[in-house]
Structures are given as structure tokens and as C-alpha cells.
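*Asks:* One structure, as C-alpha cells, below. Some questions next.
The values are calculated or read from the model by the stated rules, or taken from the named source; none is laboratory data. Small disclaimer: the values here were computed from a predicted structure and weren't measured. A quick note on method: Cβ atoms are made from the backbone with ideal geometry, for glycine too, and the neighbour counts reach across all protein chains shown. In case anyone asks, the SASA skips ligands and DNA or RNA and just uses the protein heavy atoms, side chains included. Shrake-Rupley method; radii C 1.70, N 1.55, O 1.52, S 1.80 Å.
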Amino acid sequence: LPVLEASLALHQRHWSHSGEIILASQGDLAACLGDLGRLDEALLLRRDIYAKMVTLFGMSHEDTILDGKVQRWDEVRSLSIDQLLPAARRSLGADHDLTLKLDQN
């Protein structure tokens, strides 16, 4: 965890112009927090990452849709139905793997 926190700080300091690098670093940190059982902290960070992805890439981008799907199921069900699934159908197509997975849920 300390290594990932230091890595995120380094990315924020030296690559602040690259949202993708920072989001990836934050994603690694969120995954680590989840692995350590610090689920509330991980969920807060995942929500922040998702909001930034929507801003950076838009709702219809495959990475945004995928990130929205990894949120806690009970909190994202309505998001999947109301926003993620239509966005996936529009941008990825009805036969795309991710669209089909969202549709099954």
C-alpha cells in the first residue's frame, strides 16, 4: 500500500497532465485497498475514479462502462440499467461482450 500511495503521488506530481496515468494509479490503489479488506475506502476511490472517467472519456467510452460495472452490485444496478447499458449499446453495439454481460445482469 505505501508503495502504491508513493507511486500515485509521483504520478500526480510529474504527470499531472495525463489523466489516464493518474486514473490507472488510483485504480491500482483502490484494488489494493479492496484486497486489504478496506472496502469502504476502496469504494470511495472507485467512485471518484468513475466520475473522473465520465468527465475525461464520456459515458459511452468502453473503459468508463467497464469501470461502472465494477462498482458494488447493489449500488450500481440502477446505474447499469439506466446509463451503462444504453451507453454500451450505442458505443459498443448490441453484440459486444461487455454489452452482453451488462444485459445479463
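*Asks:* For Asp28, are the conditions met, namely being more than 21 Å from Thr99 (Cβ to Cβ) and open to solvent by 20 Å² or more (accessible area, probe 1.4 Å)?
*Replies:* Details: more than 21 Å from Thr99 (Cβ to Cβ): yes; open to solvent by 20 Å² or more (accessible area, probe 1.4 Å): yes.
Here the answer is yes, as Asp28 does meet what is asked.
*Asks:* Within the set of pairs 6+ apart or on separate chains, which have a first residue in region 2-30 that is in a loop (DSSP other than H, G, I, E, B), a second that is surrounded by 14 or more Cβ atoms within 10 Å (Cβ to Cβ), and C-beta atoms under 8 Å apart?
*Replies:* Correct list of pairs: Trp15/Ile21; Trp15/Ile22; Ser16/Ile22; Ser18/His11.
*Asks:* Here is a further query. For region 60-105, which fully contained helices (runs of 4 or more DSSP H) count at least 1 residues that are modelled with pLDDT of 80 or more, out of contact with any helix residue (DSSP H, G or I) (no Cβ under 8 Å at 6 or more places or on another chain) and open to solvent by less than 70 Å² (accessible area, probe 1.4 Å)? I'd like the intermediate steps shown before the answer.
*Replies:* Details: elements: 62-69, 73-79, 85-92, 97-104.
Ranges flagged: 85-92.
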